[in-house]
1. As a test of the formula, what do you get for the chain when each DSSP H run with n ≥ 4 contributes -39,500 (n - 2.57) and the sum is divided by the residue count, at 222 nm and rounded to the nearest 500 deg cm²/dmol?
2. On full extension of the chain, what length is gained from Asp13 through Ile40, given 0.36 nm per residue of separation minus the C-alpha to C-alpha distance?
3. Taking the Cα-to-Cβ direction at Tyr58 and at Ala24 and moving 7 Å from each Cα, how far apart do the two end points lie in nm?
4. Can you give the FRET efficiency for Asp33 and Phe65, using 1/(1 + (r/R0)^6), R0 = 25 Å, r = Cβ-Cβ distance, to the nearest 0.05?
5. Within 14 Å, Cβ to Cβ, of Glu36, how many net charges do the neighbouring residues add up to if Lys/Arg are +1 and Asp/Glu are -1?
6. What part of the accessible area of the chain, given as a whole %, is carbon or sulfur when the probe is 1.4 angstrom?
7. On C-alpha positions alone, give me the angle between the axis of helix 16-36 and the longest principal axis of the chain, in degrees, nearest 10.
8. In debye, nearest 20, what is the charge dipole magnitude of the chain about its Cα centre with +1 on Lys and Arg Cβ and -1 on Asp and Glu Cβ, if you could check?
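The values are calculated or read from the model by the stated rules, or taken from the named source; none is laboratory data. As the structure is a computational prediction, the values presented were derived from the model and not from experiment. Here Cβ is always computed from backbone atoms with ideal geometry, including for glycine, and neighbour counts include all displayed protein chains. Remember, those area values only see protein heavy atoms, side chains included, never the ligands or the DNA or RNA. Shrake-Rupley method; radii C 1.70, N 1.55, O 1.52, S 1.80 Å.
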Amino acid sequence: MLRPAAVQILKNDESYYSLVIAVAKRAREITSDAFEKKKILDERPVKTAVDEFAAGEYKLIEDPFLKD
């Protein structure tokens, strides 16, 4: 199974922590939507979320005030 590396997804000095949080939030959205629609998921929500970030369907936006 090939997965995109975090380095391939992160751009412009974004943090790994922010990526993990963003993927987790998106995975929860996917799960919630599937539950509401009574839909059975073909693949795991985290994999779907990572693939969406890697494809550029979702973008990571960090708060500039939280950076060092």
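1. Calculated from helices alone, the mean residue ellipticity at 222 nm is -16500 deg cm²/dmol.
2. Working: separation 27, 0.36 × 27 = 9.72 nm, distance 3.65 nm.
That works out to 6.1 nm of additional length.
3. Result: 1.3 nm between the two label points.
4. Taking R0 as 25 Å, the efficiency between Asp33 and Phe65 is 0.25.
5. Around Glu36, the surrounding residues sum to +2.
6. Numbers: 3360 of 5890 Å².
C and S atoms contribute 57 percent here.
7. Between the helix axis and the principal axis of the chain, the angle is about 20 degrees.
8. I would put it at about 280 debye.
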